[in-house]
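*Asks:* Pasting a structure here, questions to come.
The values are calculated or read from the model by the stated rules, or taken from the named source; none is laboratory data. Keep in mind that this is a model prediction, so the values were computed, not measured. Using ideal geometry, Cβ is built from the backbone for each residue, glycine included, and neighbour counts are taken over all protein chains shown. With ligands, DNA and RNA removed, areas are computed over all heavy atoms of the protein, side chains included. Shrake-Rupley method; radii C 1.70, N 1.55, O 1.52, S 1.80 Å.
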Amino acid sequence: MQHQQRIQHEFKKQAAGFAQSDLTLNRGEYINWILTSLQLRPDARVLDVAAGTGILSRAMAPYVHEVIAVDITEEMIQEGMRQNEQSGTTNISYRQADVASLPFDEGTFDVVVCRFAFHHFTDPVLVLGEMARVCKPSGQVAVVDMISSEEPQLYERYNHYERLRDPSHTFCPRPTELAGWFAEHGMQVSVAEHVRVDVNVAAWLTLTQTPSNVRSQIEQAIRNELAHGGPVTGMEPFQQDDVLMFKQHWTKMMAVKP
Ligand SMILES: C[S@@+](CC[C@H](N)C(=O)[O-])C[C@H]1O[C@@H](n2cnc3c(N)ncnc32)[C@H](O)[C@@H]1O
């Protein structure tokens, strides 16, 4: 299966789950954490890259002129359009496309943002280049995503479990790697902040509808690490009121296009 087909296959299954209000990606504190660093203005044209159901698009929409949301998965777009209608949002439009080749002219947008999708790309450097291309000079290019440890073994292990859970996962970059990609495209990172986010293991595996045998394998690895000091998964698991949890590390990295 081609990677793009794998993405569509996985997100077709996940689309309805993106409406859940308790989804980590829907949590107001993390959305505000992003909004406070974005240069949103009433006349701004914003591109949301791999926008999914447009959770971030709808959060930005009240502050800007328009948001264009691009995604490759039909079902994510359909779910997003349904939610736009439900919320009465009228300044978001969707385009179905592969973000490796954005269907826009150079210098079209004031802000170009991508949240939680770089870890699905086979060529993230190419996508960042596309984001920079369609951004206006002095506009803002922003990436928000999960990041891996700089430590090679933890990097490998953590991405291994993410790929087991969702085969469309490629890899979460290390912070230095992501900053380097901005530099490759002539952009100097002006915002680089990380947060540690508590994730409920069961909800995380339910969203992706991970097959039960694989689910057990991942849960067992986490429990082994917790209970017996077993091999480190890179996920920093812990128990909270008997619920199995782990820590995800998120970054927001942003630059002004020269
Ligand atoms: C984890 S979801 C995140 C959605 C959204 N950005 C958010 O933060 O809620 C990842 C999205 O990336 C999309 N995606 C992955 N690779 C893509 C590609 N090459 N082109 C367009 N969309 C892609 C998937 O279809 C999916 O909707």
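*Asks:* Check cross-link reach from Lys252 to the lysines: straight Cα distance under 25 Å, and skip same-chain residues fewer than eight apart.
*Replies:* Partners found: Lys136.
*Asks:* Further question: Which of the trypsin sites (Lys or Arg not before Pro) across segment 1-68 are loop residues per DSSP, with 16 or fewer other Cβ within 10 Å? Mind dumping the intermediate values first?
*Replies:* Working: sites: Arg6, Lys12, Lys13, Arg27, Arg45, Arg58; in loops: Arg27.
Passing sites in segment 1-68 are Arg27.
*Asks:* On to the next question. Write down the accessible area per residue of the chain in Å², having rolled a 1.4 Å probe over the full set of protein chains. Each step should come with its number before you reach the end.
*Replies:* Numbers: 11440 Å² over 258 residues.
That works out to 44 Å² per residue.
*Asks:* What part of the accessible area of segment 101-146, given as a whole %, is carbon or sulfur when the probe is 1.4 angstrom? Could you put the intermediate results ahead of the total?
*Replies:* On the way: 630 of 1310 Å².
Carbon plus sulfur share of accessible area: 48 percent.
*Asks:* Continuing with this model, one more query. Over all Cα pairs of segment 160-202, how is the pair count split among 10 Å bins, expressed in % and running from 0 up to the last occupied bin?
*Replies:* Pairs per bin, as whole percents: 22, 37, 31, 10, 0.
*Asks:* About the Cα centre, and with charges only on the beta carbon of Lys, Arg (+1) and Asp, Glu (-1), how big is the dipole of segment 148-258? Nearest 20 debye, please. Don't skip to the end; give the middle numbers.
*Replies:* Details: 10 positive and 14 negative charges, 46 e Å.
Here the size comes out at about 220 debye.
*Asks:* What is the distance, in nm, between label points placed 7 Å from the Cα along the Cα-to-Cβ direction at Gln220 and at His160?
*Replies:* It works out to 1.4 nm between the two label points.
*Asks:* With +1 on each Lys and Arg Cβ and -1 on each Asp and Glu Cβ, how big is the dipole of segment 1-126 about its Cα centre, in debye rounded to the nearest 20? Before the final figure, lay out the partial values.
*Replies:* Details: 10 positive and 16 negative charges, 53 e Å.
In debye, rounded to 20, segment 1-126 gives about 260.
*Asks:* Rank Val214, Val201, Trp250 by how far each Cα sits towards the positive end of the charge dipole of segment 193-258 (+1 on Lys, Arg Cβ; -1 on Asp, Glu Cβ) and give me just the farthest.
*Replies:* Trp250
*Asks:* Test of understanding: express the Cα radius of gyration of segment 143-258 as a ratio to 2.2 N^0.38 Å, with N the residue count.
*Replies:* Its radius of gyration relative to the 2.2 N^0.38 Å reference: 1.17.
*Asks:* Could you give me the ³J(HN,Hα) list for segment 227-233, computed from phi with Karplus coefficients 6.51, -1.76, 1.60 and θ = phi - 60°, whole Hz, x at Gly and Pro?
*Replies:* Rounded to whole hertz, the list is 7, 10, x, x, x, 6, 8.
*Asks:* Report Rg(Cα)/(2.2 N^0.38 Å) for segment 107-151, keeping two decimals.
*Replies:* Details: Rg = 11.6 Å, N = 45, 2.2 N^0.38 = 9.3 Å.
Against the empirical 2.2 N^0.38 Å value, I get 1.24 for segment 107-151.
*Asks:* Given the C-alpha centroids of segment 208-226 and segment 80-149, what is the distance between them in whole angstrom?
*Replies:* Each part reduced to its Cα centre gives a spacing of 32 Å.
*Asks:* Another question about this same structure. Give the Cα extents of the chain along the principal axes, in whole Å, largest first.
*Replies:* 56, 39, 37
*Asks:* Which value, in Å² and to the nearest 10, is the accessible area of Lys136 when all protein chains are kept and the probe is 1.4 Å?
*Replies:* The value for Lys136 is about 70 Å².
*Asks:* Could you size up the charge dipole of the chain around its Cα centre, putting +1 on the beta carbon of Lys and Arg and -1 on that of Asp and Glu, and report it in debye to the nearest 20?
*Replies:* Working: 22 positive and 32 negative charges, 26 e Å.
Charge dipole, the chain, about its Cα centre: 120 debye, nearest 20.
*Asks:* For all pairs of alpha-carbon atoms in segment 18-94, what percent lies in each bin of width 5 Å, listed from the first bin to the last filled one?
*Replies:* P(r) for segment 18-94, in whole percents per bin: 3, 17, 27, 28, 19, 6, 0.
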